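First the structure, in the form of structure tokens, and then the observations on it.
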Amino acid sequence: MAGVRSFHALRYAPGLDLSKAICPPFDIISPDQQRALYERSPYNAVHIELAYDDNGSRYERAAEALHRWRKDGTFLRDEAPAFYLYDQQFEREGIPYRRRLLFARLRLEPWDRGIVLPHEQTFGAPKEDRLRLLRPLPPDRTPTRRQRVRPARRRLHLRRWPDPHTPSHR
């Protein structure tokens, strides 16, 4: 069984305009989009996720941005450990999508035990890039989506969780 625990999240401070702070995953950001995200806000996550590369210093620049944001109060660590529900709604090609994910701390397991399985095919160069980014950063810098596909009866059914915007009826 996978070791799943709560954790102390590092989040943007309340009051920060998140629409200016978030960015897509690093591997789908074009150079033009990277420039636009940099210009959108000095606190846009692209400064960490895909920092500009000046003579191989991209990873150090990302670590400096994270350190600076923690020091100036842009990022705050939650006092109590928790599990976090992430509710994402978007539309693509006219089709609405909704993803509900649970963020938790996950103990890594040896591949051959079959406890933690990949959710997608990954390639060497992007994995090496993320590893090089993680080395100078704290281990909680970026979430990795995990899905446990068996056994089904033990799966967390996020679709059944109540909508936080709907009044509960007790």
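Pull out the extension gain between Arg11 and Asn55, defined as 0.36 nm times the separation in residues minus the alpha carbon to alpha carbon distance; nm, one decimal. My answer for the length gained is 12.9 nm. For the pair Leu18 and Ala125, a Förster radius of 35 Å applied to the C-beta separation gives a FRET efficiency near 0.70, rounded to the nearest 0.05. Listed by Cβ neighbour count within 10 Å, with the fewest neighbours leading, Arg61, Arg107 appear as Arg107, Arg61. Shape call for the range 1-85 from the C-alpha gyration tensor, a ≥ b ≥ c root eigenvalues: rounded (a/c under 1.5), prolate (a/b greater than b/c) or oblate? Judged from the Cα gyration tensor, the range 1-85 comes out prolate (a/c at least 1.5, a/b above b/c). Near His8, the amide H atoms lying under 5 Å from its own belong to Ala82; only residues 5 or more places off or on other chains count, and H is placed 1.01 Å from N. A straight chain from Ser30 to Ala82 at 0.36 nm per residue would run longer than the Cα-Cα distance by 15.3 nm.
Among Trp69, Trp111, the order by Cβ neighbours within 10 angstrom, fewest to most, reads Trp111, Trp69. In plain terms, the residue of Arg132, Arg5 with the fewest other Cβ atoms within 10 Å comes first and the most crowded comes last, giving Arg5, Arg132.
Here the simple spin-label model places points 7 Å from the Cα toward Cβ, and for Tyr97 and Arg132 these points are separated by 2.8 nm.
Any read-out appearing in this document is the output of simple, stated calculations on the displayed coordinates, not a laboratory observation. Remember, predicted model here, so these are calculated numbers, not experimental data. Note that each Cβ is placed from the backbone with ideal geometry, even for glycine, and that neighbours are counted across all protein chains shown.
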